[in-house]
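The values are calculated or read from the model by the stated rules, or taken from the named source; none is laboratory data. This structure is a prediction, so every number in the text was calculated from the model and none was measured. Note: ideal-geometry Cβ built from the backbone for every residue, glycine included; neighbour counts use all protein chains shown. Side chains are part of the model used for accessible areas, which takes the heavy atoms of the whole protein and leaves out ligands, DNA and RNA. Shrake-Rupley method; radii C 1.70, N 1.55, O 1.52, S 1.80 Å.
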Amino acid sequence: PNRFRYARQTTFGRRHISTSTASPVFVWIKCFFRQFFHSVEKVDYLTLRHGFISAHFSARNSNFDFQAYIEQSLEEDFRIIVSISPVMWFTVVIFLLVDVHGWHVYLWLSYVPLFLVLVVGAKLEVIVDEMALQMKDVNSVTKGTPLVCPSDDYFWFGHPGFVLTLLHYTLFVNAFELAFFVWVSTQFGINSCYHEHRTFTIIRVVIAVAVQVLCSYVTLPLYALVAQMGSEVKSKALAKILRQWHVEVRERRRKQLKLVKSFSFRRMNMSSEWSQGNKSAPEFSSELRENTRSSNEGEIVEELEHEGENRGNLVE
């Protein structure tokens, strides 16, 4: 942590900074394919965590539970993702109205979620690359973990919530595709006019499943990490984490206080036993002297009585 290095020589710099990163086209192509292979490395997580703590907390909070904060933030966003707004219902009505024979609307509609999830995943990877490039421009020499600066400027329109809106729309359209396919197959059978072209039906189902897997396995975890690189902290998630931290600290202090009390109690018992042991020695010696004295006096009395008897015998 005390080592001085160039920003491009760090593990995070070697992963994101190269000679071709100045070209936006190359950056987008590289980030597009990176989301399928090792989209989030350990060094990315540690660097973004360090930047988040440095931007919103002091250096004393280096043990902040960033993973728990991400989980709470994702749970808060997940309530938005699984909700259905009136705009979404209006979109469903439009899809049902334009379902005209020969237009194959649902086939073209199935490509929209796939396109959006790929673009959003590439954009999130581009944000990490842009933070690395800005770190290179600001300070060429860094100490320990490279420091990235969170900002809303990395996101579309300077608003990180827009990415969540796109993910919400993507998952909603994809769920509508799967639900409509299941409903038609159950209500009218697999050989109905809705499935006139089996090839189109298979393509729609395969794309819907692929989008669901890709969004759940790649895009959402990537969003959960990169979305924290905005300028603001999510107050609800942070408040919940702080409450949990307060409970843990209070429990830890209670255990420490209990341990200190038990240790002091044992120490007092040991000291009292030691003092009693120190007092019992002279008492034992005094008792020994008294017993010795009494035994000696008894022997003297017995000797006097014995001499008295002998003298009486001699007189007789």
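Let's test the formula: R0 of 22 Å, r as the Cβ-Cβ distance of residue 247 and residue 80. What FRET efficiency results, to the nearest 0.05?
Numbers: r = 27 Å, r/R0 = 1.24.
It comes to 0.20.
For residue 111 and residue 65, a Förster radius of 45 Å and the Cβ-Cβ distance give a FRET efficiency of 0.65, rounded to the nearest 0.05. Loop-located GluC sites (Glu not before Pro) in the stretch 63-99 (DSSP state not H, G, I, E or B) with no more than 10 neighbouring Cβ atoms inside 10 Å do not occur.
Placing pseudo-labels 7 Å out from each Cα toward the beta carbon at residue 213 and residue 89 gives an inter-label distance of 3.5 nm. Take the Cα of residue 188, go 7 Å toward its beta carbon, and the backbone nitrogen atoms of the stretch 81-100 under 19 Å from that spot belong to 92-100.
Enter the accessible area per residue of the stretch 92-186 (Å², integer; probe 1.4 Å; all protein chains in place). If you can, show how the numbers build up before the last one.
Numbers: 4420 Å² over 95 residues.
I get 47 Å² per residue for the stretch 92-186.
Subtracting the Cα-Cα distance from 0.36 nm times the residue separation, let me have the gained length for residue 96 to residue 33 in nm, one decimal.
Working: separation 63, 0.36 × 63 = 22.68 nm, distance 3.49 nm.
Between residue 96 and residue 33, full extension yields an extra 19.2 nm.
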